[in-house]
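Have a look at this one before I ask anything.
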Amino acid sequence: MPKLNRDSKLFGSERRTEILLLIALLEETYPGELTRLLDAKSAAVRYVIDGLEDQGIIASRQLGRTRRIALDPRYYAAKELRALLIKQAEADPRLRALAGKRRARPRRKGKNAE
Amino acid sequence: MITAESSLVEVAFAVCSALHRAGVTAVLSGGGAATFYAPEAIQSFDLDFILEVYPRDGDPGHVLVDLGFENVGHDYVHKLSRYQLEFPRGPLAVGDDLIRSWNTVTDGDLLLHVISATDSCRDRLAAFYHFQDRSALEQALAVAAAVNTDLDLEKIRAWSKRESMSEPFAVFERLLG
């Protein structure tokens with residue numbers, strides 16, 4: 001009997017799919033953030049990211065010591081892929097909640113973390 | 001034969017010809033194509049080939065090994081030459097535009113498939129548009145200056161508009177003079 005699970009394997013595996021959806025929601029992120037949000041193993045996240053980058057779907061760039069990653073806007077079907085991912089991600093309350101854990105707005109120096 | 005002294009263009013010809021003989025159509029793109037058009041201004045050490053025709057059976061990678069390359073991760077590194085090969089996933093495209101034709105240049109019995117100068121310019125501009133990469137802008141300008149009248153500026157303008165990049169295109173056009 002198949003495992004009772006609503007998580008999508010649309011992009012190959014549950015982990016790969018949720019990472020891709022989360023990258024689309026966050027617009028720009030980094031491996032450490034994905035690892036923390038998904039409570040996943042760092043090596044597993046990096047493996048998926050490397051694979052997505054190899055396919056040309058995401059692009060990474062080094063900013064200081066951080067590897068920033070985002071959907072590659074130069075990808076042939078970038079707009080269509082982004083639209084599909086966003087639609088899928090917005091239908092997933094768990095992923096939306098995970099993306100919502102990230103605070104993006106500026107924090108004044110000296111204020112306590114939320 | 002590829003040696004330590006071989007230029008990027010010589011390596012590109014050797015690789016493309018060997019792959020061609022193995023039934024593979026590999027088109028030079030990226031910084032390598034930009035260097036092909038503007039060798040005085042651009043020096044890339046990466047040769048990005050997009051595979052347009054590829055046999056389903058067998059592994060044509062052996063022809064690269066025969067040329068002295070070694071497969072390291074996703075790249076092919078040469079024992080003597082500093083130029084390394086990458087084979088980014090296709091399709092051959094710039095943004096939303098598929099590239100359906102390219103230039104085929106011959107040198108004796110060698111050949112090289114390379115995206116057109118206009119597409120090379122668009123390829124470099126894509127990096128400037130999306131990543132604000134000023135070095136890519138300079139490369140686009142160098143390619144444009146090198147090929148001069150062969151550049152289809154209207155095609156680049158129309159594509160930039162479709163990509164919602166008319167503003168950065170204006171920067172390119174202004175610097176082009």
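Of everything in region A:1-29 that's closer than 16 Å to A:ILE69 by Cβ and either surrounded by fewer than 16 Cβ atoms within 10 Å (Cβ to Cβ) or more than 11 Å from the chain's Cα centre (by Cα) (or both), which residue is modelled with the lowest pLDDT?
A:PHE11
Can I ask one more? On the basis of being facing chain A (nearest Cβ under 10 Å), without any contact (Cβ under 8 Å) to a residue 60 or more places away in the chain and among the hydrophobic types (A, V, I, L, M, F, W, C), does B:ALA158 make the cut?
Working: facing chain A (nearest Cβ under 10 Å): no; without any contact (Cβ under 8 Å) to a residue 60 or more places away in the chain: yes; among the hydrophobic types (A, V, I, L, M, F, W, C): yes.
Criteria not met by B:ALA158.
From B:GLU40, B:GLU70, B:GLU52, which residue is closer than 15 Å to B:LEU112 by Cα and surrounded by fewer than 19 Cβ atoms within 10 Å (Cβ to Cβ)? Let's see the steps before the verdict.
Details: B:GLU40 fails: closer than 15 Å to B:LEU112 by Cα; B:GLU70 fails: closer than 15 Å to B:LEU112 by Cα.
Selected residue: B:GLU52, the only one of B:GLU40, B:GLU70, B:GLU52 that is closer than 15 Å to B:LEU112 by Cα and surrounded by fewer than 19 Cβ atoms within 10 Å (Cβ to Cβ).
Something else: Is it the case, given these coordinates, that A:ARG74 is farther than 18 Å from A:GLU18 by Cα and not in a helix (DSSP H, G or I)?
yes
Additional query: If only one of B:SER7, B:SER44, B:SER17 is under 13 Å from B:HIS113 (Cβ atoms) and of a type in the set (S, T, N, Q), which one is it? Let's see the steps before the verdict.
Numbers: B:SER7 fails: under 13 Å from B:HIS113 (Cβ atoms); B:SER44 fails: under 13 Å from B:HIS113 (Cβ atoms).
On inspection, the qualifying residue turns out to be B:SER17.
Using the structure shown, decide if A:LEU98 is within 11 Å of another protein chain (Cβ to nearest Cβ), surrounded by 15 or more Cβ atoms within 10 Å (Cβ to Cβ), touching a residue at least 12 places away in the same chain (Cβ under 8 Å) and within 17 Å of A:GLU18 (Cα to Cα).
On the way: within 11 Å of another protein chain (Cβ to nearest Cβ): no; surrounded by 15 or more Cβ atoms within 10 Å (Cβ to Cβ): yes; touching a residue at least 12 places away in the same chain (Cβ under 8 Å): yes; within 17 Å of A:GLU18 (Cα to Cα): yes.
Against the criterion (within 11 Å of another protein chain (Cβ to nearest Cβ), surrounded by 15 or more Cβ atoms within 10 Å (Cβ to Cβ), touching a residue at least 12 places away in the same chain (Cβ under 8 Å) and within 17 Å of A:GLU18 (Cα to Cα)), A:LEU98 does not qualify.
If I go through region B:8-37 residue by residue, how many of them are open to solvent by 10 Å² or more (accessible area, probe 1.4 Å) and among the hydroxyl-bearing types (Ser, Thr, Tyr)?
3
Can you tell me which residue in region B:86-139 is nearest to B:VAL72 (Cα to Cα), limited to those that are of a type in the set (Asp, Glu) and not in a helix (DSSP H, G or I)? Before the answer, list the steps.
Residues of region B:86-139 that are of a type in the set (Asp, Glu), as a first pass: B:86, B:96-97, B:107, B:109, B:119, B:123, B:133, B:138.
Right, trim to not in a helix (DSSP H, G or I) and you get B:86, B:96-97, B:107, B:109, B:133.
Numbers: B:GLU86: 10, B:ASP96: 31, B:ASP97: 31, B:ASP107: 29, B:ASP109: 29, B:ASP133: 27 Å.
Residue satisfying both the conditions and the ranking: B:GLU86.
The values are calculated or read from the model by the stated rules, or taken from the named source; none is laboratory data. Owing to the predicted nature of the structure, the values given are computational and were not obtained by experimental measurement. Quick reminder, even Gly has a Cβ in these numbers, built from the backbone with ideal geometry, and neighbours come from all protein chains shown. Heads up: the accessible areas ignore ligands, DNA and RNA and are worked out on the full protein's heavy atoms, side chains in. Shrake-Rupley method; radii C 1.70, N 1.55, O 1.52, S 1.80 Å.
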